[in-house]
Amino acid sequence: MLLPLLERAKEKNAHFLVTPKTGASSGGVPQCGISFAPDAAGIPQRALLPGEQYRFHFDMTKCIGCKCCVVACNEQNGNPADINWRRVGEIEGGWYPNTYRSYLSMGCNHCMEPTCLEGCPVDAYSKDPVTGIVLHSAEACIGCQYCTWNCSYGVPQYNPERGVVGKCDMCHDRLDEGRAPACVSACPETAIRIEIVNIAEWKREYAAHANAPGLPSADDSISSTRITLPNNLPPDTRKADFFRVRPEDPHWPLVAMTVLTQLSVGAFVTIWLLQLFGKTTRLGVAAMVSIIVAGLALSASTLHLGRPIYAYRALKMWKRSWLSREVLLFGCFSGVALLYAALLWFKLPGSLAIGALTSLLGAAGVTASACIYLVPARPAWNSKHTVAGFFLTAMLLGPLLAASLGIGDRRWLSIAIVAATAGHLLNEAGKFFWLTASDSFELQASARLLSTTLASSFLGSGALLCLGGIILPLFVPTWAGASASLLTVLAGEVLGRYVFFVSVVPKNMAASYLSAGKAAA
Amino acid sequence: MSLKRQLGLDILEEKYAYASDPVMGHTSEQKIPDTWVSTTCGYCSVGCGMFIGVKDGRAVSVRGNPDHAVNSGLLCPKGLSEHYTLEASNRALYPLLRNKRGKLARIEWDEALSVMVEKFRGAQEKYGKDALGVLSTGQLVTEEFYALGKLVQLGLGTKNYDGNTTLCMASAVSGYKRSFGSDGPPGAYEDLSQADVIFLIGANIADNHPILCQYLDANPRRTLIVADPRVTKTAMMADLYLPLKPRSDIALLNGMIHLLIENGLIDRKYVAAHTTGFDQLEESVRKYTPDHVSQLTGLTPEQIYKAALIYGKAKAPFIGWTMGVNHSTKGTETVNVINNLALITGNVGRPGASPFSITGQCNAMGTREAGFASSLPGYRKFESASDREELAALWGIAAERLPASRGWAYPDIIEGAVAKKIRALWVIATNPIVSFPNLGVLQHSLDSLDFLVVQDGFHPTPTTEVADLVLPAAIWGEKEGTYTNSERRVSKVNRAVKPPGEARTDLDIFLGLAKKLGCYGELFPGWTQPKDAFEEWKRISAGRLCDYSGLTYELIERHGGIQWPYPTGATEVKTTRLYSDGRFSTEDGKARLLPVEWEPFPEQPNADFPFVLNTGRTIEHWHTRTKTGNVPILERLSPNAWLEMNPRDAQSLGLKPHDHIDVISARGRVKSVELRVTEIIAPGQVFMPFHYAEANANQVTQSAFDPISREPNYKQCAVRIERAQIAPQYWGVRGSPRARVQA
């Protein structure tokens, strides 16, 4: 059981955080005039009082960018080289020879309002009540990686080898032994320290001390890290990796899951509306197809998890996490939709009411789904365009499925399809112009990706929507045309959703100018 | 991946488990060793004390030694991951001989040594003793250098023997010899904490000797002056940064000397008592007025005054330098100007005050002291009959067997092979294909050889790949001996694990070879272990500047390294400095003040090649990356080469950040380097690191060498930058070294 530090210290009847322990050395006296930093240097020497927590202090004026902290952290935690719980980034400004290049070393900021914790569907995160350290339990984690989207600093990192996320825990157990965290001990410049902070005071003052060039705003989560900045940083100081923007992970299971759930929801709503307007033929068949699609979507979603067997745990935090709510609502939706499909199939009474409930739960599910992406740490997702896009996908694919199954009035369905496509295209165009017009680095960078690296995919998805959602319905009014239309639009939606996932530029700390592979998400 | 893992039932809990260890505290369980072996870091010459954690015969972790005099428990990122070098995938495991089909094939050790002796003897019999060349290193232990020197000069009988230290420290060695009469850096690291002014010239210690930075941090009084054309991390730490033009340091230093003399800020008593040549020096610096120096250096006269006055008024000013000074055709003379500045102000060998060359490799100092390449062991001079006689008497051999002059230096051995005067070459623990300037000439040279032996801890390296015979050697962590660091501190190196495969320690290889040559009994009577070499070396060094005679392995271990001189009978272990009494190693005991003139560097930029290329290092990598290129975390942190260019130049060339460019000189082309557009570098200059075989900076560097030290002028060659002709390669994907060498 994980007891708070103070409790454990009391149990052990030990003085809390005072005893420096020396290493394996033979006890010789350092011969040079400088003082040796013992293992307990750089950590507080008194116990925490109520209303206080630990935090990192990073002194940018001391850091020489040697990255000892990064190597020491990886050694401490046995992490593979491409997972770095502590990272060092660069910022640069000024003009030769008055150039200024500085370094930013960061582990977890052990935020006062941790966004990783708030979004977690399985309650794998906890904020230690005594130390304020944000802890993550690998055992509880199901590897959904939602925390990696929620953190503005890119702190939690998914370890594909394990199927779970991991993060800096301030070497919590070392602190408990009275030893400094690995990064603190390894720093040759004593630029990293652990301090005690009064939580209430910090919440008032953090804006002046927790922000730095090359670092996302501390407002998102109230970072507890105090940063000492050099005086007179040049005004043009910015992250060294400013011009290196790479597409993010496409999350293929989520591309499939979101598009297919939206197809299924759109289809059920269409079926229910047709039923409402007195249509009865072949609704059962359409509902059965739609329920299969929903099943596929939910199966796809588990493929995104590092630990699919524990998918059910995602229901746990429905009071707090949109991810839990999505799982819950789509779970209910599928159950009710199955009942609805059965009622339609066997032509039993009560189907209209159950259909209404299905539609309602579906719409709620799509809303929850969209809300997952409304995270401040991923600015290009965090807009009404995301919500509109998800609903427009449902509104477009639902009638398309109906049309291709030959239910409903083709003329009305075509009008709905063309209208939804037009809305969809307008929404995408609107999003692109919003991105280009923005002055935020991340939004601008997303626009840059869409107009360069991703231009062909972005325009391609638009073209497919045009073809399948406007041209085919208007000019090929046959069953074959409707089927081609569905397939074309589905391809366009999949491509568009891929672009949605890869074009987001997350908030993150500055990185090195060169960095191998994917930047930590 | 197992089904359990795919389902998520298994999250590799054992692999990622933590445990608490009495020494390490709470840490990853797989890093907790059974035993700790104390040793000294095998990368640079700072000489950090450390422990290797050994579990089941494998090195699983390292830890800085908190009680070591040099580093107080701290290590740089290379040191912190040094255990990975031992199990790197590119370790050399078996002796390999090139067969008739041109492929390297495994053979037995006995056959390898027999073939080596046969080929060497064959070449020497046919073309003369000196047709054999030997290129050594700064990576071995002193005991091995001592044995190798005897083996090469007396056993094999060639004097064409040099080390890669000539690519690194030769100018400091020659400069010290010319000014003070002997090699040997006079100061100590402690001076960095005690000086009131620290003047770093062409030295980026924050990247290259980061553990020294803590000495500066521990010194609140210091004023730091940094002279460097590039705004390095170290320059950013400076109180006074002097962004001088490339290779204008002689002008700056002469200008400072001029101002100090003019303003009476020199120590006339010291000059009179301990130096010769002041009048000529005074005359020679007369024309280095602030205005003239300003034109030559690009600095303002105010900056020159300021630097001179800060240095001149200091009570204990320290001057440190590295490759910005040494990698130059004027390297030796630049060292002499530095020494002039220190001498006229009486700042040699006093606490805080010394002209101090910060060395490169972990044991470059050891080979300088004991190596028998640039001098006879114990800093004895080839030219001195009395030195030769003394040494011959100690060894019990005829003095005539000792060469009366130094053989060819490294670049001359390379060019000697081109001229077919060198027919067989033995390369030990170095990788010339990446480290030697002007790759085209080197390749021609290696191609011209009849037989090339490469003895290295790593294979394949670009150089082992072209060898006729590859001898697999043990590396740091696998053998015992001593290293001497920049401040003359002798530290112990210990064996923690067995060498991989059939790799042998270099000493074992040398002794095995001696047996084949039939000189074992004479040169190495009864030697089986490093201690045998150490005991003899102690006797040879007795009474010399680098006196080891009072040292024992036990004493060194107990004190975490001891500075020489430590003569027999010494009892107190303390910081030592050289020339504190003002007596130098010259015949008259006086230091030489040597007039030096500024000259433009040899290859000036021109219309075809408009940029001045500067080369250097990054903290994550070591030399040619044979050691660090397979340490995953270091590769992660610094995955590929880059070229720094000022935004104004990039704009005029239409280049954007992260574009891939080619670097072209009159000699060659480095292909597809990632462009870094940055204000770190001045307009008209570009910088690239030299570590990467895939983007080998030495494809464009020049064959220009210091006439005194023979050190290459790696810096300042004229290049042109073009957009890359080939598609950018993604460097994170590691190609085989075979692919690298063909680049």
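The values are calculated or read from the model by the stated rules, or taken from the named source; none is laboratory data. All values derive from a computational prediction rather than experimental measurement. Glycine gets a Cβ as well: all are built from the backbone with ideal geometry, and neighbour counts include every protein chain shown.
Details
- Taking the criterion of being over 19 Å from the mean Cα position of the chain (by Cα) and facing chain B (nearest Cβ under 10 Å), the residues of segment A:295-317 that qualify are A:Ile309, A:Tyr310.
- Subset of segment B:181-192 (residues that are over 19 Å from B:Gly73 (Cα atoms) and within 14 Å of chain A (Cβ to nearest Cβ)): B:Gly187, B:Asp191
- Any hit, segment B:119-142, residues being surrounded by fewer than 24 Cβ atoms within 10 Å (Cβ to Cβ) and under 20 Å from B:Phe458 (Cα atoms): no
- Matching entry among B:Gly49, B:Gly57, B:Gly42 (being exposed (fewer than 15 other Cβ atoms within 10 Å of the Cβ) and touching a residue at least 40 places away in the same chain (Cβ under 8 Å)): B:Gly57
- Take the conditions (1) in contact with an Asp or Glu (Cβ under 8 Å, 6 or more places away or on another chain); (2) within 26 Å of B:Thr137 (Cβ to Cβ); (3) within 8 Å of chain A (Cβ to nearest Cβ); B:Ile633 misses just one of them, which is (1).
- B:Trp598 being closer than 19 Å to B:Thr332 by Cβ and either modelled with pLDDT of 95 or more or in a loop (DSSP other than H, G, I, E, B) (or both): yes
- For beta carbons closer than 9 Å, sequence separation of 6+ or different chains, a first residue in segment A:195-220 that is touching a residue at least 12 places away in the same chain (Cβ under 8 Å) and a second that is hydroxyl-bearing (Ser, Thr, Tyr) and assigned to a helix (DSSP H, G or I), the qualifying pairs are A:Ala218/A:Tyr206; A:Asp219/A:Tyr206; A:Asp220/A:Thr115.
- One residue from B:Phe451, B:Phe436, B:Phe458 being within 20 Å of B:Leu156 (Cα to Cα) and of a type outside the set (Gly, Ala, Ser): B:Phe451
Listed here are the residues, each with its yes/no results for (1) part of a loop (DSSP other than H, G, I, E, B); (2) touching a helix residue (DSSP H, G or I) at 6+ places or on another chain (Cβ under 9 Å); (3) of a type in the set (Val, Ile, Thr); (4) in the same structural domain as A:Glu118 (by TED's automatic domain parsing).
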{"position": "A:Ala364", "(1), (2), (3), (4)": "no, yes, no, no"}
{"position": "A:Thr367", "(1), (2), (3), (4)": "no, yes, yes, no"}
{"position": "A:Cys371", "(1), (2), (3), (4)": "no, yes, no, no"}
{"position": "A:Val375", "(1), (2), (3), (4)": "yes, yes, yes, no"}
{"position": "A:Ala380", "(1), (2), (3), (4)": "yes, yes, no, no"}
{"position": "A:Val387", "(1), (2), (3), (4)": "no, yes, yes, no"}
{"position": "A:Ala394", "(1), (2), (3), (4)": "no, yes, no, no"}
{"position": "A:Pro399", "(1), (2), (3), (4)": "no, yes, no, no"}
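- For segment B:90-137, a residue qualifies if it is closer than 17 Å to B:Ala429 by Cα and either in a strand (DSSP E or B) or among the hydroxyl-bearing types (Ser, Thr, Tyr) (or both), and the qualifying residues are B:Arg91, B:Tyr94, B:Leu96, B:Gly133, B:Val134, B:Leu135, B:Ser136, B:Thr137.
- Meets criteria (of a type outside the set (Ser, Thr, Tyr) and farther than 23 Å from A:Ala394 by Cα) for A:Ala429: no
- Subset tally (residues that are charged (D, E, K, R) and assigned by TED's automatic domain parsing to the domain that holds A:Gln262) for segment A:473-513: 2
- Per-region count, segment B:1-18, residues under 28 Å from A:Arg174 (Cα atoms) and either loosely packed, with under 14 Cβ neighbours inside 10 Å or at pLDDT below 90 (or both): 4
- Criterion applied to B:Leu551, B:Leu578, B:Leu545 was being crowded, with 18+ Cβ neighbours inside 10 Å, assigned to a loop (DSSP other than H, G, I, E, B), in contact with a Pro (Cβ under 6 Å, 6 or more places away or on another chain) and touching a residue at least 40 places away in the same chain (Cβ under 8 Å), and the one residue passing it is B:Leu578.
- Residue among B:Val348, B:Val434, B:Val427 that is aliphatic (A, V, I, L, M) and in a loop (DSSP other than H, G, I, E, B): B:Val348
- Segment B:1-65 holds strands (runs of 3 or more DSSP E) entirely within its bounds, and those carrying 1 or more residues that are within 7 Å of another protein chain (Cβ to nearest Cβ) and more than 38 Å from the chain's Cα centre (by Cα) map to B:18-21.
- Every residue from segment A:204-219 that is of a type in the set (Ser, Thr, Tyr) and part of a loop (DSSP other than H, G, I, E, B): A:Ser217
- Of the residues making up segment B:66-92, just one is within 19 Å of B:Leu634 (Cβ to Cβ), more than 8 Å from chain A (Cβ to nearest Cβ), crowded, with 21+ Cβ neighbours inside 10 Å and of a type in the set (A, V, I, L, M, F, W, C), namely B:Leu86.
- Residue among A:Arg320, A:Arg246 that is out of contact with any Pro (no Cβ under 8 Å at 6 or more places or on another chain) and either within 14 Å of another protein chain (Cβ to nearest Cβ) or of a type in the set (Asp, Glu) (or both): A:Arg246
- From A:Ile222, A:Ile292, A:Ile196, residue being at pLDDT 95 or above and either part of a loop (DSSP other than H, G, I, E, B) or within 14 Å of another protein chain (Cβ to nearest Cβ) (or both): A:Ile222
- Residue among B:Ala235, B:Ala203, B:Ala195, B:Ala218 that alone is within 11 Å of chain A (Cβ to nearest Cβ), of a type in the set (Gly, Ala, Ser) and buried (at least 23 other Cβ atoms within 10 Å of the Cβ): B:Ala235
- Among the residues of segment A:163-193, the one identified as surrounded by 23 or more Cβ atoms within 10 Å (Cβ to Cβ), at the interface with chain B (Cβ under 9 Å from one of its Cβ atoms) and out of contact with any helix residue (DSSP H, G or I) (no Cβ under 8 Å at 6 or more places or on another chain) is A:Val164.
- Residue pairs meeting the criteria (Cβ under 9 Å; at least 6 apart or on separate chains; first outside any helix (DSSP H, G or I) and buried (at least 16 other Cβ atoms within 10 Å of the Cβ), in segment B:293-311; second charged (D, E, K, R) and modelled with pLDDT of 95 or more): B:Gly298/B:Lys245; B:Leu299/B:Lys245
- Scanning segment B:613-626 for residues that are more than 12 Å from chain A (Cβ to nearest Cβ), outside any strand (DSSP E or B) and in contact with a strand residue (DSSP E or B) (Cβ under 7 Å, 6 or more places away or on another chain) turns up B:Arg617, B:Thr626.
- Neighbours by Cβ (under 9 Å, 6+ apart or cross-chain): first from segment A:228-248, in a strand (DSSP E or B); second among the β-branched types (Val, Ile, Thr): A:Thr228/A:Thr61; A:Arg238/A:Ile91; A:Lys239/A:Ile91
- Unique residue being within 13 Å of chain A (Cβ to nearest Cβ) and either under 21 Å from the mean Cα position of the chain (by Cα) or modelled with pLDDT of 95 or more (or both) when the list is B:Pro683, B:Pro639, B:Pro605, B:Pro610: B:Pro683
- Subset of segment A:70-95 [closer than 19 Å to A:Pro181 by Cα and more than 9 Å from every other protein chain (Cβ to nearest Cβ)]: A:Cys73, A:Ile83, A:Trp85, A:Arg86, A:Arg87
- Test: residue in segment B:699-712 that is surrounded by 21 or more Cβ atoms within 10 Å (Cβ to Cβ), more than 13 Å from chain A (Cβ to nearest Cβ) and within 30 Å of A:Val70 (Cα to Cα): no
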